[in-house]
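Have a look at the structure below before the remarks.
Please treat every number below as a calculation from the coordinates, not as lab data. The structure presented is a predicted model; accordingly, all values stated were derived computationally and were not measured. Note that we place each Cβ from the backbone using ideal geometry, even for glycine, and neighbour counts take in every protein chain shown.
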Amino acid sequence: MNITRRQALVLSAGAAAFAVAGLNSTPSFASAEDTEKAIMAISGGKMPETGKVTLTAPEIAENGNTVPISVSVDSAMTEGDLVESVSIFAEGNPNPDVVTFNFTALSGAASATTRMRLAKTQNVIAVAKMADGSTYMDKKEVKVTIGGCGG
Amino acid sequence: MASKPRVKVPKKATAGEVITIKTLISHEMESGLRKDKKGELIPRKIINKFTAEFNGELVYSVDLHAAVSANPYLEFTVKVNESGTFKFSWVDDDGTIYTDEQSITVG
């Protein structure tokens with residue numbers, strides 16, 4: 001394959017742009033892979049199914065320091081159909097872990113609300129672990145105007 | 001500084017009712033990622049664990065990480081079958097445990 005001078009220039013320009021982009025990305029932020037690793041640790045190696053769990057988060061959060069989030073899982077919360085825990089992960093935070101809610105048969109319903117920090121616009125993921133070991137997930141993108149987490 | 005937690009538990013409920021409990025504790029939830037004016041990292045200091053017990057039995061707990069907002073707010077449900085007392089505990093990174101108790105009449 002012959003590369004013309006013009007093509008070579010385009011290629012090298014592209015490579016340079018890529019290198020610059022790579023340098024600019026801050027390594028202190030969690031990547032999607034870190035989040036996936038954390039999810040796999042809960043699910044035992046396979047991607048959780050979607051459904052059953054509902055994550056409620058604002059579409060746009062003006063202040064990333066306090067973003068209200070709620071989760072609820074469709075479950076009878078009896079011995080045979082019990083939600084063990086729901087974990088929340090943030091893909092674009094310095095650390096993907098946010099919070100884990102641990103339920104019991106006395107919880108009555110598998111629902112919880114809290115407020116979290118978001119460093120930037122990113123996906124928030126809820127992973128529910130049932131007592132029988134099956135896992136379910138839900139994902140919401142939250143646009144953040146002013147990031148939390150300080151700096 | 002963490003102050004006395006604020007907890008909202010209904011005073012009365014019917015047997016088997018699922019009640020909603022709201023809790024809030026004043027705490028800076030210092031993430032350990034921020035820097036002070038000299039550019040040095042401020043050490044992490046957060047509430048890392050919350051538990052709710054009813055008549056001595058654990059009914060709900062939460063593991064908190066640095067991404068939970070300052071003054072952590074937690075809302076959850078509990079099914080009550082009998083009258084009794086709730087005991088709520090917040091565990092600080094420095095080992096301090098803040099507690100609060102609330103009673104409920106079921107009948």
- request: Take the Cα radius of gyration of region B:6-106 and divide it by 2.2 N^0.38 Å, with N its residue count; two decimals is plenty.
  value: 1.27
- request: Sum up the charges of everything whose Cβ sits under 14 Å from the Cβ of A:GLU79, counting Lys and Arg as +1 and Asp and Glu as -1, but leave A:GLU79 out.
  value: -2
query: What net charge do the residues around A:ASP132 carry, taking every other residue with its C-beta under 10 Å from that of A:ASP132, with Lys and Arg at +1 and Asp and Glu at -1?
result: -1
message: At 222 nm, what value in deg cm²/dmol follows for the protein assembly as shown if DSSP H runs of at least 4 each add -39500 (n - 2.57) and the sum is divided by all its residues, to the nearest 500?
response: -4000 deg cm²/dmol
message: Cut-off 10 angstrom, C-alpha nodes, Gaussian network model of chain B. Which of B:PHE76, B:PHE88, B:PHE50 fluctuates the most?
response: B:PHE76
statement: Which of B:ASP92, B:ASP36, B:ASP63 fluctuates most in a GNM of chain B (C-alpha springs under 10 Å)? That residue is B:ASP36
message: Rounded to two decimals, what is the ratio between the C-alpha radius of gyration of the protein assembly as shown and 2.2 N^0.38 Å?
response: 1.20
